[in-house]
Amino acid sequence: MNPFLFSDDNKRYHTLYYHNQHKFHHRIFKAVLNGGFTCPNLDGSKGIGGCAFCDGGSGAFTKALPLDQQLTLELSRIRKQDPHAEGIAYFQVHTNTYAPVSKLKERFETAIQFPGIIGISIGTRPDCLPDDVLAYLDDLNQRTYLTVELGIQTVHDPTAQAFNRGYDFSVFLASYAELQKRNIRTCLHIINGLYRENFTDMLHTAEILGQLRPQAVKIQLLHILQDTHYAELYQSGKLIPMTQEDYIFTVVKQLELFAPETVIERVTGDGEKTKLLAPLWSMDKIRTLGGIDKLQSTLDTWQGKHFS
Ligand code: SF4
């Protein structure tokens with residue numbers, strides 16, 4: 001018998017599918033959008049060249065068509081999977097609060113009013129949430145199902161400095177507190193396999209973030225992509241990608257440290273296949289997902305087993 005409460009099947013962690021089914025009672029998919037924003041870590045205001053693993057921002061492959069066209073295309077893609085599904089407008093590319101509030105309103109209001117869209121998810125950096133943006137997000141949160149996604153990746157400042165994140169952990173903590181004060185659903189992104197991080201470091205990130213009781217978490221594997229600084233480290237032999245077995249074990253142990261209520265929106269990720277240098281096993285997501293389920297069952301463990 002599955003000892004994990006937030007599950008209707010064999011999963012021993014709180015999946016996004018379970019969350020959406022219980023909240024909305026039908027299938028929900030993310031409509032991935034490019035709002036035409038940039039990033040302070042790319043345009044020179046914080047840094048140039050971006051994070052060492054960044055090839056221009058996850059989802060940068062999404063074409064910056066007019067927003068209504070992107071929404072139409074994404075909903076059509078989604079409804080090929082399920083004709084009754086609805087979408088969450090996911091502003092994924094670059095830093096989606098790095099602009100004047102007037103520009104944010106233009107993009108986000110268009111998205112939330114689009115037929116078939118039932119919420120909005122905004123990917124951003126904690127150092128791009130000034131007071132006027134927080135006030136607008138507060139207002140947005142009263143009117144739609146809002147999630148703010150923060151790519152923290154690690155709690156360790158030396159690692160973050162080495163990959164050129166451009167802010168330290170205290171900045172994240174302050175912004176996270178502001179979002180929580182406004183009851184804004186917040187999803188934290190973690191990357192496993194960062195340069196110079198070991199198993200203990202990754203577990204520590206999960207432990208510290210778990211104690212914050214975020215509403216959601218995405219756990220991702222480091223994808224080493226062409227034309228990034230990490231690609232150079234990899235090609236020179238300094239950066240060794242994680243093995244699939246190590247990754248699965250690390251995720252299983254991290255899941256033990258998150259509260260059962262925290263929704264685990266991802267336990268693996270999608271690197272752009274044409275740019276992926278390593279690890280190539282990451283393209284076999286089904287084996288990774290199955291490996292996590294199997295190891296949790298073998299070890300008789302589950303999300304939150306060691307959360308207190
Ligand atoms: S914050 Fe995001 S978009 Fe900006 S450089 Fe880092 S990974 Fe790239």
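The values are calculated or read from the model by the stated rules, or taken from the named source; none is laboratory data. Worth saying up front: this structure is predicted, and the values here are computed from it rather than measured. All Cβ positions, glycine included, derive from the backbone under ideal geometry; neighbour counts span all protein chains shown. Just so you know, the surface numbers come from the protein's heavy atoms only, side chains and all, with ligands and any DNA or RNA stripped out. Shrake-Rupley method; radii C 1.70, N 1.55, O 1.52, S 1.80 Å.
How high is the relative contact order of the stretch 73-169, given as a whole-number percent (alpha carbon pairs under 8 Å, six or more residues apart)? Intermediate values should be presented prior to the final figure.
Details: 108 pairs, mean separation 24.1, N = 97.
This gives 25 percent for the stretch 73-169.
Enumerate cysteines in the chain without a disulfide-compatible partner, where compatibility requires another Cys Cβ under 4.7 angstrom.
That list is CYS39, CYS128, CYS187.
With every protein chain kept in place and ligands, DNA and RNA left out, what is the accessible area per residue of the chain? Probe 1.4 Å, answer in Å². Show your work: numbers first, answer last.
Numbers: 13730 Å² over 308 residues.
Accessible surface, normalised per residue, equals 45 Å².
Pop the C-beta distance of SER170 and ALA64 into the FRET formula with R0 = 25 Å and round what comes out to the nearest 0.05.
On the way: r = 34 Å, r/R0 = 1.34.
Taking R0 as 25 Å, the efficiency between SER170 and ALA64 is 0.15.
Taking the Cα centre of the chain as origin and charging only Cβ (+1 Lys, Arg; -1 Asp, Glu), how large is the dipole, in debye to the nearest 20? Don't skip to the end; give the middle numbers.
On the way: 31 positive and 34 negative charges, 103 e Å.
Result for the chain is approximately 500 debye, rounded to the nearest 20.
Using +1 at the Cβ of each Lys and Arg and -1 at the Cβ of each Asp and Glu in the chain, identify which of TYR18, TYR176, CYS39 lies farthest towards the dipole's positive end.
Of the options given, the answer is TYR18.
P(r) of the chain in 20 Å steps, Cα pairs, percent per bin?
Taking all Cα pairs of the chain, the binned fractions are 33, 62, 5 percent.
Over the stretch 22-114, what portion of Cα pair distances is larger than 20 Å, expressed as a whole percent?
Beyond 20 Å sits 42 percent of the P(r) for the stretch 22-114.
Tell me the accessible surface of HIS25 in square angstrom (1.4 angstrom probe, heavy atoms of protein chains only), to the nearest ten.
Rounded to the nearest 10, that gives 140 Å².
Highest mean first, what order results for 111-117, 192-198 on Cβ atoms within 10 Å? Walk me through the numbers before you get to the answer.
On the way: 111-117: 16.4, 192-198: 19.7.
Result, highest mean Cβ count within 10 Å first: 192-198, 111-117.
Could you sort 224-236, 261-273 so that the peptide with the highest average Cβ count within 10 Å comes first and the rest follow in order? Spell out each step's value before the answer.
Working: 224-236: 17.3, 261-273: 19.5.
Order by mean packing, descending: 261-273, 224-236.
Can you tally the net charge around LEU129? Count Lys and Arg as +1, Asp and Glu as -1, for every other residue whose Cβ sits under 13 Å from the Cβ of LEU129. Before the final figure, lay out each step's value.
Values: positive: ARG125, LYS181, ARG182; negative: ASP127, ASP131, ASP132, ASP138, GLU149, GLU178.
Taking every Cβ under 13 Å from that of LEU129, the sum is -3.
Which ³J(HN,Hα) values, rounded to whole Hz and listed in residue order, are derived for the stretch 100-113 from phi using the Karplus coefficients 6.51, -1.76 and 1.60 in 6.51 cos²θ - 1.76 cosθ + 1.60 with θ = phi - 60°, glycine and proline given as x?
Whole-Hz 3J(HN,Hα) from phi for the stretch 100-113: x, 4, 4, 6, 4, 4, 4, 6, 6, 5, 4, 5, 6, 8.
Hey, rough spin-label estimate for SER297 and GLN113, points 7 angstrom out along Cα→Cβ, what's it come to in nanometres?
Calculated label separation equals 4.9 nm.
May I ask which residue of GLY116, PHE258, GLY193 lies farthest towards the positive end of the charge dipole of the stretch 16-298, with charges of +1 (Lys, Arg) and -1 (Asp, Glu) on Cβ and the Cα centre as origin?
Of the listed residues, the answer is GLY116.
What FRET efficiency would be calculated for the residue pair LYS285, HIS22, taking the C-beta separation as r and a Förster radius of 25 Å, to the nearest 0.05? Don't jump to the answer; show the numbers that get you there.
On the way: r = 24 Å, r/R0 = 0.95.
Given R0 = 25 Å and the Cβ-Cβ separation, E is 0.55.
May I ask for the net charge around ILE152, where only other residues with Cβ less than 12 Å from the Cβ of ILE152 are counted and Lys, Arg are +1 while Asp, Glu are -1?
My count for the surroundings of ILE152 gives -1.
Taking R0 as 25 Å, what FRET efficiency do you get between THR243 and SER308 from their Cβ-Cβ distance, rounded to the nearest 0.05? Can you show the working numbers first?
Details: r = 30 Å, r/R0 = 1.22.
Efficiency computed from Cβ-Cβ geometry: 0.25.
Summing Lys, Arg as +1 and Asp, Glu as -1, what charge do residues with Cβ under 11 Å from the Cβ of LEU203 carry, LEU203 excluded?
Working: positive: LYS253; negative: GLU197, ASP201, GLU207, GLU256.
Here the count lands on -3.
Okay, helix-only estimate at 222 nm for the chain: each DSSP H run of n ≥ 4 adds -39500 (n - 2.57), divide by all residues, round to 500 deg cm²/dmol; what do you get? Kindly include the intermediate steps, with their values, before the conclusion.
Numbers: 10 runs with 114 residues, N = 308.
That comes out to -11500 deg cm²/dmol.
Please work out how much length the chain gains when fully extended from HIS84 to ARG143, using 0.36 nm per residue of separation minus the C-alpha to C-alpha distance, in nm with one decimal.
Extra length available between HIS84 and ARG143 comes to 19.0 nm.
Could you check how much of the accessible area of the chain is carbon and sulfur, as a whole percent, using a 1.4 Å probe? Show your work: numbers first, answer last.
On the way: 7400 of 13730 Å².
Percent of accessible area from carbon and sulfur atoms in the chain: 54.
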